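The values are calculated or read from the model by the stated rules, or taken from the named source; none is laboratory data. Quick caveat, the model's predicted, so the values are computed rather than measured. With ideal geometry, Cβ positions are generated from the backbone for all residues, glycine too; neighbour counts draw on all protein chains shown. Remember, those area values only see protein heavy atoms, side chains included, never the ligands or the DNA or RNA. Shrake-Rupley method; radii C 1.70, N 1.55, O 1.52, S 1.80 Å.
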Amino acid sequence: MRDALRMAFGTLTALPVPPPGRIDRRVAGGAMLLAPLAAVPLAAVAGLVVYGGKALGLPALAVAAVALGAVALGSRGLHLDGLADTADGLGASYDRGRALEIMRRGDSGPTGVATLVLVLIVQCGALAGGGVATAVIGVLTGRCVLSLCCARGVPSARPEGLGATVAGSVPIPLAALVFVLAAAASAAAPGMAWWRGPVAVAAGYAVAGLLLRRCTRRLGGITGDVLGACVEAATAAALLASA
C-alpha cells in the first residue's frame, strides 16, 4: 500500500514524495486504484480557486482557467501532454508503428495543439458555469477512470514504458468498485441535485471508455499518453455534465 501510494502521488502529482521501494504489477495496479486519492489535493486547490473567485466577484471564465491551470501545474502538465501526443498519433497515420513513433517524439503537431485547445475551452467553459462541486467532481472523475483504463484485459501498446507497467494491472471488480464509490460520493455533492454528480461521473467514464476503445483498436493498447488523454477527456465530460 505504501509503495502504491508513493507511485500514485509521484506519478500523478508534482508533490515531493519518496520513490516506491519497488514497482511491480501489484504496486502499479494499486497506484491506479489510488489515483483519485492522489488527486484530492489537486481537486481541493481547484475548488478553493473557484470558491475564492466567486467570493471576490471575478469573471467566471478567468477563474475557471486559473483553477484548471493550477491543476495542470500540480500534475506537471502530464495529462495535457498525453492528450496532445495521443491526438497527433491518432490523426497521423493508420500505420500503428508510425502512430506510436509520432507519439513517442513528444513534440506537438497541429492536430495535437488543436485538440488541446478545444478540450481546454470545453473544460474552462463548463467550469465557468459550475461551482466548487463541479471542479472537485471533474478533477476526481478524470483520475478515477485510470483504473478503467488499466483493467484486466486492456493490453499495452508497447513492451516498455508506463503503459506496459500498468496495463491490465487492475482487477475488473476493483475497477468497477472505484466507479460505484465515485458515483455514490458525488451524489452527496453540496449545492447540486443528487443525480447530477453520478451522471457526471458516468459521462466521464463513457467518454474515457470510447477513447480507450479507439486507442486499443488503433494502437494495439495503451501508453502513458493514452492514459493522460483519457484523464483529460473524462474531466471535460464530467465538468460539462455537472455544470
How many of the residues making up segment 203-214 are among the small types (Gly, Ala, Ser) and either free of Cβ contacts under 8 Å to residues at least 24 places away in the same chain or open to solvent by 40 Å² or more (accessible area, probe 1.4 Å) (or both)? 1
Among the numbered conditions (1) over 21 Å from residue 8 (Cβ atoms); (2) touching a residue at least 12 places away in the same chain (Cβ under 8 Å); (3) surrounded by fewer than 23 Cβ atoms within 10 Å (Cβ to Cβ), tell me where residue 241 comes up short. (3)
The lone condition residue 58 fails out of (1) at pLDDT 95 or above; (2) open to solvent by less than 50 Å² (accessible area, probe 1.4 Å) is (2)
Check off (1) touching a Cys at 6+ places or on another chain (Cβ under 6 Å); (2) closer than 14 Å to residue 88 by Cα for residue 107 and give me the number that stays unchecked. (1)
The one condition residue 174 fails out of (1) open to solvent by 40 Å² or more (accessible area, probe 1.4 Å); (2) in a helix (DSSP H, G or I); (3) without any contact (Cβ under 8 Å) to a residue 60 or more places away in the chain is (3)
Is it the case that residue 147 is at pLDDT below 95, within 18 Å of residue 208 (Cβ to Cβ) and among the small types (Gly, Ala, Ser)? no
How many residues are in a helix (DSSP H, G or I) and either in contact (Cβ under 8 Å) with a residue 40 or more places away in the chain or among the polar types (S, T, N, Q) (or both) when one looks only at segment 69-126? 27
Can you name the residue in segment 107-127 that is at pLDDT 95 or above and polar (S, T, N, Q) and, of all such residues, is most open to solvent (accessible area, probe 1.4 Å)? 115
Please tell me if residue 217 is more than 19 Å from residue 9 (Cα to Cα), without any contact (Cβ under 8 Å) to a residue 24 or more places away in the chain and open to solvent by 40 Å² or more (accessible area, probe 1.4 Å). yes
Taking the conditions exactly as written (open to solvent by less than 80 Å² (accessible area, probe 1.4 Å), without any contact (Cβ under 8 Å) to a residue 60 or more places away in the chain and not in a helix (DSSP H, G or I)), does residue 41 satisfy them or not? no
Test: residue in segment 183-199 that is more than 21 Å from residue 119 (Cα to Cα), of a type in the set (D, E, K, R), open to solvent by 30 Å² or more (accessible area, probe 1.4 Å) and not in a helix (DSSP H, G or I): no
Of everything in segment 128-160 that's in contact with a Gly (Cβ under 8 Å, 6 or more places away or on another chain) and free of Cβ contacts under 8 Å to residues at least 24 places away in the same chain, which residue is least open to solvent (accessible area, probe 1.4 Å)? 153
Which residues, counting only those in segment 156-210, are under 18 Å from residue 82 (Cα atoms) and at pLDDT 95 or above? 204, 205, 207, 208, 209, 210
